[in-house]
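The values are calculated or read from the model by the stated rules, or taken from the named source; none is laboratory data. Please read these numbers as outputs of a predicted model, since none were measured by experiment. Note that we place each Cβ from the backbone using ideal geometry, even for glycine, and neighbour counts take in every protein chain shown. For accessibility, only protein heavy atoms count, side chains too; no ligands or nucleic acids. Shrake-Rupley method; radii C 1.70, N 1.55, O 1.52, S 1.80 Å.
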Amino acid sequence: AGRAKRLLLSQLFQPLNLQAGGEAGGDGRAGEPTCRSQRLMLQGGLIHPSSPGCYYYMPPTVRAMEKLIRVMDEEMQAVGGQKLNMPSLSSAELWRGSGRWDRMGPELFRLADRHGKDYCLGPTHEEAVTELVAAQSNLSYKQLPLRLYQVTRKFRDEPKPRFGLLRSREFYMKDMYTFDASEEAARQTYGLVCDAYCSLFNRLGLPFVKVRAATGSIGGTMSHEFQLPADVGEDRLVLCPNGHFAANVETLNGEQMSCPTCGEKLTQTRGIEVGHTFYLGTKYSSVSNAVFYSPENKPQLAEMGCYGLGVTRILAASIEVLSTEDSIRWPSLIAPYQLCFIPPKRGSKEEEEGATLLEQVYDDLAKALPHLAGDSVLDDRTQLTIGKRLKDANKLGYPYVVIAGKRVCEDPPVFEVWNQNASKVLFLTKEGVIELLSKVQVP
């Protein structure tokens, strides 16, 4: 049983519809605009529509999501984050206390239990986490800063859900809430978490901008958004071409057309918001009386910040900005599978020898690089030509494709290896393949 069980493409629950050219791929209700990521995710069998703004996430998507969450965990734990999990059901009392039960209006999914008590499905958890910290009756300044985060399903009753996972009613978010002993300490935390977000987007290779933002329904006195510039984005941004200034248009008073630092004309672009940070001060801690005891043993209100990353939105937005019109490109770190193996076509002269040699590479690779063992798929649809399967692999965006082609019968056997993200083709022996893939990182 030393051999990893090979993962066969024909058995993957990923219903491909790669032939559906410009069609929405089964989810374009008449006249509904779709965007590149939504179309590619539907065609690639990555999501399946349920009700408006709700999707089934298929197994490859869940793999990508779990990898992305592991990268987020690394970044959050590097800034002292502790992971917890809060209930999705939140009592109306809690939300009435902060005033958001009314202020959030129809965006809140509301429900009543059998005893007639009102609840909402949490779109975010400021009230809940503050209540939790307030319940710790003898919190000392020595226990601060507290940096608590979770990755959970959130709910928002969008009036017009659209663009697949970019604007849905049920989505995953990483949300962090911080509690500090002073405004100065809270602002230091703010800088640290913003840096962690920058580090995350840099590791994913995403072209992000950090912009000044409005505080909206969450409140507080300082806020930034992390935006991926994209035509389909719903936010309008202005950027200084020299990088001194970047803001969401909604924060500008009147017609600010030039950079406050260098006077250059600001350029306009659209963006997809993938992260948002807020310095909250005591807005929530004063409502729940979330206090800690100072060195003089006096109760003081904690200074708070909150920080969100859209998990499912980052997945869709990265496909949106990295992909071509008909081929998915993933941030290589979080591709669902790193490798696709393509054996020879059934009935070809390389068939028997090639298939055996390729399976040998698959197994040797799993032994030599155990972290890639679960990251390899074998495209066993040998009734199709190699070219057809390579085209599908290209559309699905595997970072590496290993093919047993014409040269597999040479001595030693030579495999054709496509490095999709660098658009390079290499011809390598088995040892060469393992050497090349030893550099691949998986979170």
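Yes/no matrix, rows are residues, columns are (1) within 23 Å of L200 (Cα to Cα); (2) of a type in the set (A, V, I, L, M, F, W, C); (3) free of Cβ contacts under 8 Å to residues at least 12 places away in the same chain:
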position	(1), (2), (3)
E352	no, no, yes
V361	no, yes, no
A366	no, yes, no
K388	no, no, yes
K439	yes, no, yes
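Give segment 50-72 a look and list any residue that's more than 18 Å from V274 (Cα to Cα) and open to solvent by 30 Å² or more (accessible area, probe 1.4 Å), or say none. Even if it seems obvious, please write down each step before you answer.
The first filter runs over segment 50-72 and keeps only residues more than 18 Å from V274 (Cα to Cα), leaving 50-52, 54-60, 62-63.
Within segment 50-72, S50, S51, P52, Y55, Y56, Y57, P59, V62, R63 meet the criteria.
Tally the residues that are of a type in the set (A, V, I, L, M, F, W, C), in contact (Cβ under 8 Å) with a residue 12 or more places away in the chain and within 28 Å of Q338 (Cβ to Cβ), restricting the search to segment 49-67.
Going residue by residue through segment 49-67, those that are of a type in the set (A, V, I, L, M, F, W, C) are 54, 58, 62, 64-65.
Cutting the leftovers down to in contact (Cβ under 8 Å) with a residue 12 or more places away in the chain gives us 54, 58, 64-65.
The next check asks that each one be within 28 Å of Q338 (Cβ to Cβ); those that pass are 58, 64-65.
Result for segment 49-67: 3.
Is it true that some residue in segment 164-174 is aliphatic (A, V, I, L, M) and assigned to a helix (DSSP H, G or I)?
The first filter runs over segment 164-174 and keeps only residues aliphatic (A, V, I, L, M), leaving 165-166, 173.
From the residues that got through so far, the ones that are assigned to a helix (DSSP H, G or I) too are 165-166.
Checking segment 164-174: at least one residue is aliphatic (A, V, I, L, M) and assigned to a helix (DSSP H, G or I).
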Test each condition in (1) in contact with a helix residue (DSSP H, G or I) (Cβ under 6 Å, 6 or more places away or on another chain); (2) farther than 26 Å from A373 by Cα for G347 and report the one that comes out false. (1)
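State whether the residues of segment 224-231 include one that is over 22 Å from I319 (Cα atoms) and at pLDDT 95 or above. Full working, then the answer.
If we filter segment 224-231 for residues that are over 22 Å from I319 (Cα atoms), which is where we start, we get 224.
If we keep only those that are at pLDDT 95 or above too, we end up with 224.
Within segment 224-231, one or more residues are over 22 Å from I319 (Cα atoms) and at pLDDT 95 or above.
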Tell me the residue from K367, K349, K391, K395 that is among the basic types (K, R), farther than 25 Å from S327 by Cα, assigned to a helix (DSSP H, G or I) and out of contact with any strand residue (DSSP E or B) (no Cβ under 9 Å at 6 or more places or on another chain), please. K367
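When you go through R187, R270 one by one, which is the residue that is under 27 Å from I47 (Cβ atoms), basic (K, R) and either over 26 Å from the mean Cα position of the chain (by Cα) or in the same structural domain as S50 (by the TED database) (or both)? Working first, answer last.
Working: R187 fails: under 27 Å from I47 (Cβ atoms).
None of the others qualify; the one that does is R270.
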Candidate set: segment 195-254, residues that are of a type in the set (S, T, N, Q) and under 17 Å from the mean Cα position of the chain (by Cα); chosen: the one farthest from Y307 (Cα to Cα): N202
How many of the residues making up segment 369-410 are of a type in the set (G, A, S), surrounded by fewer than 17 Cβ atoms within 10 Å (Cβ to Cβ) and modelled with pLDDT of 95 or more? 1
Some residue of segment 238-260 being touching a helix residue (DSSP H, G or I) at 6+ places or on another chain (Cβ under 6 Å), under 26 Å from R156 (Cβ atoms) and outside any strand (DSSP E or B): no
List the number of the failed condition for G25; all other conditions in (1) at pLDDT 95 or above; (2) farther than 17 Å from K160 by Cβ hold. (1)
Given the conditions (1) of a type in the set (S, T, Y); (2) at pLDDT 95 or above; (3) open to solvent by 10 Å² or more (accessible area, probe 1.4 Å), and given that S348 satisfies all but one, which numbered condition is not satisfied? (2)
Every listed condition ((1) assigned to a helix (DSSP H, G or I); (2) open to solvent by 20 Å² or more (accessible area, probe 1.4 Å)) holds for I319 save (2)
Please name all residue pairs, on different chains or six or more residues apart, with Cβ atoms under 7 Å, provided the first residue is in segment 122-135 and is free of Cβ contacts under 8 Å to residues at least 60 places away in the same chain and assigned by the TED database to the domain that holds Y293 and the second residue is buried (at least 24 other Cβ atoms within 10 Å of the Cβ) and in a loop (DSSP other than H, G, I, E, B). A128/G122
Give segment 327-345 a look and list any residue that's closer than 30 Å to L204 by Cα, open to solvent by less than 30 Å² (accessible area, probe 1.4 Å) and part of a loop (DSSP other than H, G, I, E, B), or say none. S327, I328, W330, P331, A335, P336, Y337, Q338
Odd one out for A64, checked against (1) in contact with a Lys or Arg (Cβ under 6 Å, 6 or more places away or on another chain); (2) on the phi < 0 side of the Ramachandran plot: (1)
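Residues that are open to solvent by less than 70 Å² (accessible area, probe 1.4 Å) and more than 23 Å from V291 (Cα to Cα): find the strands (runs of 3 or more DSSP E) completely inside segment 73-163 holding 3 or more of those. Give the steps one after another, and end with the answer.
Numbers: elements: 89-91, 109-112, 118-121, 146-155.
In segment 73-163, the matching strands (runs of 3 or more DSSP E) lie at 118-121, 146-155.
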Please determine whether any residue of segment 124-135 is among the hydrophobic types (A, V, I, L, M, F, W, C), in contact with a Phe, Trp or Tyr (Cβ under 9 Å, 6 or more places away or on another chain) and at pLDDT below 95. no
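So, in segment 279-314, exactly how many residues are open to solvent by 20 Å² or more (accessible area, probe 1.4 Å) and touching a residue at least 40 places away in the same chain (Cβ under 8 Å)? Working first, answer last.
Filtering segment 279-314 for residues open to solvent by 20 Å² or more (accessible area, probe 1.4 Å) gives 282-283, 286-289, 291, 293, 295-301, 303, 313.
Retained after the next criterion (residues that are touching a residue at least 40 places away in the same chain (Cβ under 8 Å)): 283, 287-289, 291, 293, 295, 300, 303, 313.
Final tally of qualifying residues: 10.
Does any residue of segment 200-223 turn out to be of a type in the set (A, V, I, L, M, F, W, C), in contact (Cβ under 8 Å) with a residue 40 or more places away in the chain and within 19 Å of A128 (Cβ to Cβ)?
The initial filter retains those residues of segment 200-223 that are of a type in the set (A, V, I, L, M, F, W, C), namely 200-201, 204, 206, 208-209, 211, 213-214, 218, 222.
Retained after the next criterion (residues that are in contact (Cβ under 8 Å) with a residue 40 or more places away in the chain): 200-201, 204, 206, 208-209, 211, 213, 218, 222.
If we keep only those that are within 19 Å of A128 (Cβ to Cβ) as well, we get 218.
Yes - at least one qualifying residue is present in segment 200-223.
Mind checking which residues of segment 398-430 are small (G, A, S) and part of a loop (DSSP other than H, G, I, E, B)? Working first, answer last.
Pass one, segment 398-430, residues small (G, A, S): 404-405, 422-423.
Passing the criteria: A404, G405, S423.
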For segment 212-235, name all the residues that are open to solvent by less than 40 Å² (accessible area, probe 1.4 Å) and more than 20 Å from R167 (Cα to Cα). G219, G220, S223
